[in-house]
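What follows is a single structure, written as structure tokens, with notes after it.
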Amino acid sequence: MHIVFVCAEYPVDGRPTGGFGTYVKNISNALVELGHRVTIVTRSANAKIEVASGLTIRALAPFDSLEYLHSNSSPVFNRIITALDYPVFFSWQVRKLLNQLVQLEDVDIIEGSEFAAELFFYLLLKNDASPPVVIKLHTPSFVIRGYNEQKHSIFSRILEFSERFALTKADRVYSPTKDLASVVKHKYGIKTSKVIPYPAPRFKKTKIKRLKNVVLYVGKLQTK
């Protein structure tokens with residue numbers, strides 16, 4: 001199979017990444033090991049293509065003209081420019097690139113996240129001949145806004161509308177946990193097709209003595 005992942009935060013150029021980028025990196029490596037072909041559509045300071053055995057990374061560059069405006073604008077206008085650059089401009093770039101890939105290569109399935117609706121324009125304008133599109137839930141923006149106790153704004157409303165639209169237009173919606181699937185269903189009325197836990201990388205055996213009733217948490221705690 002040829003699987004395409006859309007993930008702006010995929011770890012390229014040695015940059016750190018969050019949960020979505022880590023998930024895509026782990027699942028991509030596992031799929032390549034199983035003999036599948038994987039293409040990553042991501043974002044970087046400079047546009048480039050990296051090709052390895054079974055894995056192709058296509059990095060899209062930000063809109064250069066927005067950088068000048070960003071450095072010469074008021075805080076409010078800067079917020080608008082930032083939103084135009086990402087996710088709006090990135091989503092439009094993704095649509096153009098995915099259309100090219102579907103026409104020139106055999107793409108079996110496309111997967112993205114609900115956060116920032118990176119597949120918004122592709123889902124808005126895709127035709128019936130397009131390969132199936134899957135959205136894997138990670139953390140919708142309304143959940144992040146709730147955790148951080150942020151007020152509703154015009155930007156958050158647009159972002160949440162875009163995410164909801166992408167979820168309704170996707171062919172399948174998957175969740176890593178039952179709880180997140182329940183939260184999204186309660187908020188948007190969208191039923192998750194299936195719960196599929198995150199893939200775990202292979203860890204080397206250690207000599208650490210096993211203890212009873214120990215819970216290991218790997219991740220970060222974010223309050224603001």
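Restricted to the stretch 174-183, and to residues that are free of Cβ contacts under 8 Å to residues at least 40 places away in the same chain and either β-branched (V, I, T) or in contact with a Leu (Cβ under 7 Å, 6 or more places away or on another chain) (or both), which residue is most open to solvent (accessible area, probe 1.4 Å)?
So the residue we want is T177.
Looking at (1) of a type in the set (D, E, K, R); (2) more than 17 Å from N99 (Cα to Cα); (3) out of contact with any helix residue (DSSP H, G or I) (no Cβ under 9 Å at 6 or more places or on another chain), which one does D128 not meet, given that it meets all the others?
(2)
Check A45, A8 and return the single one that is in a loop (DSSP other than H, G, I, E, B), open to solvent by 10 Å² or more (accessible area, probe 1.4 Å), touching a Ser or Thr at 6+ places or on another chain (Cβ under 9 Å) and of a type in the set (G, A, S).
A8
Of all the residues that make up the stretch 87-117, how many are touching a strand residue (DSSP E or B) at 6+ places or on another chain (Cβ under 8 Å) and open to solvent by less than 10 Å² (accessible area, probe 1.4 Å)?
Qualifying residue count, the stretch 87-117: 8.
Considering each of K194, K169 in turn, give the residue that is open to solvent by 60 Å² or more (accessible area, probe 1.4 Å) and farther than 23 Å from H36 by Cβ.
None of the others qualify; the one that does is K169.
Quick grid of which residues meet (1) touching a Phe, Trp or Tyr at 6+ places or on another chain (Cβ under 7 Å); (2) under 16 Å from A170 (Cα atoms):
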residue: A83; (1), (2): yes, no
residue: F89; (1), (2): yes, no
residue: Q93; (1), (2): no, no
residue: Q103; (1), (2): no, no
residue: E111; (1), (2): yes, yes
residue: E118; (1), (2): yes, yes
residue: D128; (1), (2): no, yes
residue: P131; (1), (2): no, yes
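Out of all the residues in the stretch 136-164, which are among the hydroxyl-bearing types (S, T, Y), free of Cβ contacts under 8 Å to residues at least 60 places away in the same chain and open to solvent by 60 Å² or more (accessible area, probe 1.4 Å)?
Within the stretch 136-164, none qualify.
The conditions are (1) in a loop (DSSP other than H, G, I, E, B); (2) under 19 Å from I109 (Cα atoms), and F20 fails exactly one of them. Which is it?
So F20 meets the others, but not (1).
Please determine whether any residue of the stretch 175-198 is modelled with pLDDT of 90 or more, among the acidic types (D, E) and more than 30 Å from N99 (Cβ to Cβ).
yes
So, in the stretch 1-42, exactly how many residues are aromatic (F, W, Y) and either more than 20 Å from R95 (Cα to Cα) or without any contact (Cβ under 8 Å) to a residue 60 or more places away in the chain (or both)?
Result for the stretch 1-42: 2.
Which of the residues that make up the stretch 23-42 are part of a helix (DSSP H, G or I) and open to solvent by 60 Å² or more (accessible area, probe 1.4 Å)?
Correct list: K25, N29, E33.
Tell me the residue from V133, V88, V107 that is at pLDDT 95 or above and farther than 23 Å from K191 by Cα, please.
Of V133, V88, V107, the one residue that is at pLDDT 95 or above and farther than 23 Å from K191 by Cα is V107.
Looking at Y147 and the list (1) modelled with pLDDT of 95 or more; (2) within 23 Å of G21 (Cα to Cα), which single condition is not satisfied?
(1)
Where in the stretch 130-194 are the helices (runs of 4 or more DSSP H), entirely inside, with at least 3 residues that are within 18 Å of L119 (Cα to Cα)?
The qualifying helices (runs of 4 or more DSSP H) are 154-169.
The values are calculated or read from the model by the stated rules, or taken from the named source; none is laboratory data. The model shown is predicted, which means the values in this text are computed figures rather than measured ones. Counting neighbours? That spans all protein chains shown, and the Cβs are built from the backbone with ideal geometry, glycine included. For accessibility, only protein heavy atoms count, side chains too; no ligands or nucleic acids. Shrake-Rupley method; radii C 1.70, N 1.55, O 1.52, S 1.80 Å.
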